[in-house]
Amino acid sequence: MSMGAPDLRIGTSGWNYPAGRGTWNGVFYPPSRGRARGFDELTFYAEHFNTVEVNSTFYGQPRADVTRGWVERTPSAFEFSLKLYQKFTHPKMFREAALKRAPGSEGAWLDLLAQVTQADIDEFRSGIEPLAESGRLGALLAQFPPSFKDTPESREYLAQLLHAFDDYPIAVELRHKSWSDAVGDTLAMLNAFGAAWVQIDEPKFQFSIRQNYLPNVQTFYYMRLHGRNAKQWWRHDASEDRYNYLYSGRELQEFADIAGAAKALVRKSYLYTNNHFAAKSVVNAVMLKAQLGEPIDGEYPPELIERYPDIEDLVSQGRLKAAATSSRSASRLPV
């Protein structure tokens, strides 16, 4: 990892939301019907942000041909952070998915299938190799569910997982308060592996983790903003409803201040907005960039600005700055 100036990266969790009431089509991207031939969502996204957190690797192991395509479709400075496959962090969810594919497979066979093997680890590593070898891999995200509590067995498993991926930057998202109740022990384990403790904002419940938002390692900092839709967090018609929340500028300022302070303490910072319903994460990422003095790149469609007018001035200022920079660069060209 570079030892140069601190590197701040702001993006969203995922870039492809083609269905549901919270689709990005017709909001951030053109409607699916009538798109210009060759329009590519990832390429368009990368014109606006310098990083993205990949969700698809949670639902299936990454494939080298796919990740190589991501490299080819994005600028050389763009980085991808990837969620670990659900088998590594959500065994119950993995079992449920396996049962849907093969009903009636309960029992010892399924228990054996759900055990993480070296082959599973090797498959994930092989799938992300194009990102790693091109210097485009941000961090790996080990996102654990709220049911993952601090127990001797959990600690042993987490240590094994961190060891398996210890040659990559890895960030660990823990949600149950038992981990923060034993904050000293949790920090000791994560620090021993150089793993970043993911700082999260989400609705708080009795069992929710409590954090101070400070970095725990000097190498990198990792923050995720999930939104604060407490009413629909556990009860919702569709899973996307949980992320139907738009942070106000005042709410975001706290995290901008924290990120600004963390930037002075670590070599690299990643901030991801996960309130993805109807591209609200895009809007809040733009607002964070503005609050942190980061450039606002790319053209934003009128449909997005019409729905979220609070960013109209921000993206307009970004266009003016880009035009001024382009003009200054042109004036320095030899004639």
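Worth pointing out:
- Members of the stretch 298-308 that are more than 15 Å from G249 (Cβ to Cβ) and crowded, with 18+ Cβ neighbours inside 10 Å: Y300, L304
- Within the stretch 76-114, the only residue that satisfies the criterion of being modelled with pLDDT of 75 or more and loosely packed, with under 11 Cβ neighbours inside 10 Å is S76.
- Given (1) open to solvent by 50 Å² or more (accessible area, probe 1.4 Å); (2) in a helix (DSSP H, G or I); (3) modelled with pLDDT of 95 or more; (4) not hydroxyl-bearing (S, T, Y), number of the condition L246 does not satisfy: (2)
- Here the condition is being of a type in the set (S, T, N, Q), part of a loop (DSSP other than H, G, I, E, B) and surrounded by 15 or more Cβ atoms within 10 Å (Cβ to Cβ); of Q218, Q211, it holds for Q211 alone.
- The selection criterion, being at pLDDT below 95, under 14 Å from F28 (Cα atoms) and either of a type outside the set (D, E, K, R) or not in a loop (DSSP other than H, G, I, E, B) (or both), holds for V315.
- When residues of the stretch 209-235 are limited to those that are at pLDDT 95 or above and hydroxyl-bearing (S, T, Y), the one nearest to the chain's Cα centre (by Cα): Y222
- Some residue of the stretch 141-158 being polar (S, T, N, Q) and in contact with a Lys or Arg (Cβ under 8 Å, 6 or more places away or on another chain): yes
- Condition check for A256: surrounded by fewer than 24 Cβ atoms within 10 Å (Cβ to Cβ), touching a Pro at 6+ places or on another chain (Cβ under 6 Å) and either more than 16 Å from G14 (Cβ to Cβ) or touching a residue at least 60 places away in the same chain (Cβ under 8 Å) (or both): no
- Residue in the stretch 178-195 that is in a loop (DSSP other than H, G, I, E, B) and touching a Gly at 6+ places or on another chain (Cβ under 9 Å) present: no
- Which numbered condition Q199 misses (of (1) under 24 Å from H276 (Cβ atoms); (2) surrounded by fewer than 22 Cβ atoms within 10 Å (Cβ to Cβ)): (2)
- Taken over the stretch 134-159, the criterion of being among the basic types (K, R) and part of a helix (DSSP H, G or I) is satisfied by R155 alone.
- S239, sole failed condition from (1) open to solvent by 40 Å² or more (accessible area, probe 1.4 Å); (2) under 18 Å from the mean Cα position of the chain (by Cα); (3) touching a residue at least 24 places away in the same chain (Cβ under 8 Å): (3)
- Candidate set: the stretch 22-70, residues that are among the charged types (D, E, K, R) and modelled with pLDDT of 95 or more; chosen: the one farthest from D120 (Cα to Cα): E47
- Hits in the stretch 221-231 (condition: surrounded by fewer than 18 Cβ atoms within 10 Å (Cβ to Cβ) and either in contact with a His (Cβ under 9 Å, 6 or more places away or on another chain) or assigned to a loop (DSSP other than H, G, I, E, B) (or both)): R228
- Counting only residues that are within 20 Å of K204 (Cα to Cα) and touching a residue at least 60 places away in the same chain (Cβ under 8 Å), the stretch 259-276 holds 5 of them.
- Hits in the stretch 275-285 - residues which are closer than 11 Å to E240 by Cα and open to solvent by 10 Å² or more (accessible area, probe 1.4 Å): H276, F277
- Residue match in the stretch 193-211 (condition: under 17 Å from K280 (Cβ atoms) and touching a residue at least 60 places away in the same chain (Cβ under 8 Å)): no
- Given (1) in contact with a Phe, Trp or Tyr (Cβ under 6 Å, 6 or more places away or on another chain); (2) under 22 Å from L82 (Cβ atoms); (3) of a type in the set (S, T, N, Q), number of the condition T186 does not satisfy: (2)
The values are calculated or read from the model by the stated rules, or taken from the named source; none is laboratory data. The shown structure was predicted, so the numbers you read here are calculated from the model rather than taken from an experiment. Using ideal geometry, Cβ is built from the backbone for each residue, glycine included, and neighbour counts are taken over all protein chains shown. When the accessible area is computed, the model is the full protein with side chains, heavy atoms only, and any ligands, DNA or RNA have been set aside. Shrake-Rupley method; radii C 1.70, N 1.55, O 1.52, S 1.80 Å.
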